[in-house]
1. Could you tell me whether the range 317-340 includes any residue that is assigned to a helix (DSSP H, G or I) and closer than 19 Å to Val358 by Cβ?
2. Residue check: is Glu323 farther than 22 Å from Ala249 by Cα and without any contact (Cβ under 8 Å) to a residue 12 or more places away in the chain?
3. Could you check, for the range 322-331, whether at least one of its residues is closer than 20 Å to Asp407 by Cα and either of a type in the set (Ser, Thr, Tyr) or surrounded by fewer than 21 Cβ atoms within 10 Å (Cβ to Cβ) (or both)?
4. Assess whether Asp71 counts as being more than 29 Å from the chain's Cα centre (by Cα), modelled with pLDDT under 80 and not hydrophobic (A, V, I, L, M, F, W, C).
5. Residue pairs, Cβ under 7 Å, 6 or more apart or interchain, first in the range 1-21 and assigned by TED's automatic domain parsing to the domain that holds Tyr137 and on the phi > 0 side of the Ramachandran plot, second assigned to a loop (DSSP other than H, G, I, E, B) and surrounded by 12 or more Cβ atoms within 10 Å (Cβ to Cβ). List them.
6. Inspect the range 13-32 for any residue being assigned to a helix (DSSP H, G or I) and closer than 25 Å to Glu164 by Cβ and give the result as yes or no.
Amino acid sequence: MPLNVRQIRSLVNAERPGMWAARNGLNLVISAAGSPSWSLRYQTRDGKRRLMRLADYESIDAAELAALEADAAEHRKAIKAGRDPLAERQAEQSPSKPDNGAGDTFRDAALAFIEENRAGWKNDKHVTQWENTLATYAYPMIGAKLTHEITLEDVKGVLQQPYERAGYVGTLWGGARETASRLRSRIETVINATKAAALADNSNPARQALWSNHHNPADRATLKYAGLNGKQVRSHYRAMDWKEVPAFAAELARKPDYSARALLLTILCATRTSETLCATWSEFDLDGATFTIPAERMKAGKEHRIPLSAQAVQLLRETPRMEGNVYVFPGVRAGRPLSNMAMLEMLRGMRPGEDLTVHGFRSAFRDWITETTLHPDAIAEQALAHTIDNKVERAYRRGDAFERRRDLMAQWADYLTLREADYTSRWQRFIA
């Protein structure tokens, strides 16, 4: 159903970033900074997807909303007649600008790219993520620029834009690293797709923002971003030393908060943040001690089964279920999981000033395996659901070594919770 006045006011007052449809292609767009405006979304006769800014937002009543929708309807009549309002506006604003072979704005190029690839992407959620991240963070800042005019400074500006969430006040790159990394990658992809020959140095500024792409062999996807503080900054996941994790886990176990329980399960299962926070009760078989994450929620797009330790099963059995919410760790908003900052805030509240990350517990888990156990690397990598780089090895490894991983996860949980003598006695055969 199209937006009504009450819904519009609610969205604007909440400063909720995103894009919402009214009638006749009219859309309410709220930037990452919370600034609302009106835009027209349409498709030209030759299939180009457009998003044209119409006006800044001002408080409206039903009659004024109807007038805006009528104005959008007039534009759509012109579009049906073969005209392109955005192209006409650009021509009026830059009448002497020469044809450079890359005349689409970044927003136009992105919408076209999404439309062309929509059918080939694996699910609707992926399409929605593309649309939302670009509409929320990129379009307000670089959407109106021609793709060949986008510079490294422009991309850095997008990544450094103000960001505030769950008590964090700073930049998008500092407060939502995963979102910022995906955003940078999507900007790069869109610019590459335009094949803009007029790029100043035949390079892609979003690619320049990714100046290296590995920090350790177990996780090559970590980004290192240049120039956030006027110098090269090596960005990596700060990890707690594996020897300190048992004491930290014991502290967590004494806290009743959902965020503490979520973080403890993340440590016990060596999962990624989103794999824990978006977990639903239907994904757990507590009697069979198995956590099955569907392919659409996994980074590699492949179902991942996690053998649950006795400690993980007990944690889940003692976690209260919220009626009407399918998520194991429900958030404040009805029907939604915890915020993606909840576990990080818990961690940094317990270890202030150490700048640790939730993802770093996966590194601690990997280091513990290497330093103290006899489990093979292949089992460790499968426990972390890492993609195998070697194509031949990947082709021949058809199983998931589930039972061998059950020993590994049970040993890890016992390392975190048992006295040293009990742990050593139980796992002597696997201790290096």
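1. no
2. Details: farther than 22 Å from Ala249 by Cα: yes; without any contact (Cβ under 8 Å) to a residue 12 or more places away in the chain: yes.
The answer is yes for Glu323.
3. no
4. Numbers: more than 29 Å from the chain's Cα centre (by Cα): yes; modelled with pLDDT under 80: no; not hydrophobic (A, V, I, L, M, F, W, C): yes.
No.
5. Correct list of pairs: Glu15/Gly34.
6. yes
Listed here are the residues, each with its yes/no results for (1) of a type in the set (Asp, Glu); (2) buried (at least 19 other Cβ atoms within 10 Å of the Cβ); (3) part of a helix (DSSP H, G or I); (4) outside the structural domain of Glu303 (by TED's automatic domain parsing).
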residue	(1), (2), (3), (4)
Glu251	yes, no, yes, no
Pro256	no, no, no, no
Ser259	no, yes, yes, no
Leu263	no, yes, yes, no
Thr266	no, yes, yes, no
Gly288	no, no, no, no
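Listed here are the residues, each with its yes/no results for (1) among the charged types (D, E, K, R); (2) touching a residue at least 60 places away in the same chain (Cβ under 8 Å).
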site	(1), (2)
Lys125	yes, yes
Gly143	no, yes
Glu153	yes, no
Gln160	no, yes
Glu164	yes, no
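The values are calculated or read from the model by the stated rules, or taken from the named source; none is laboratory data. The structure displayed is predicted, hence computed values, not measured ones. Because the Cβ atoms are built from the backbone with ideal geometry, glycine has one as well, and the counts that use them run over all protein chains shown.
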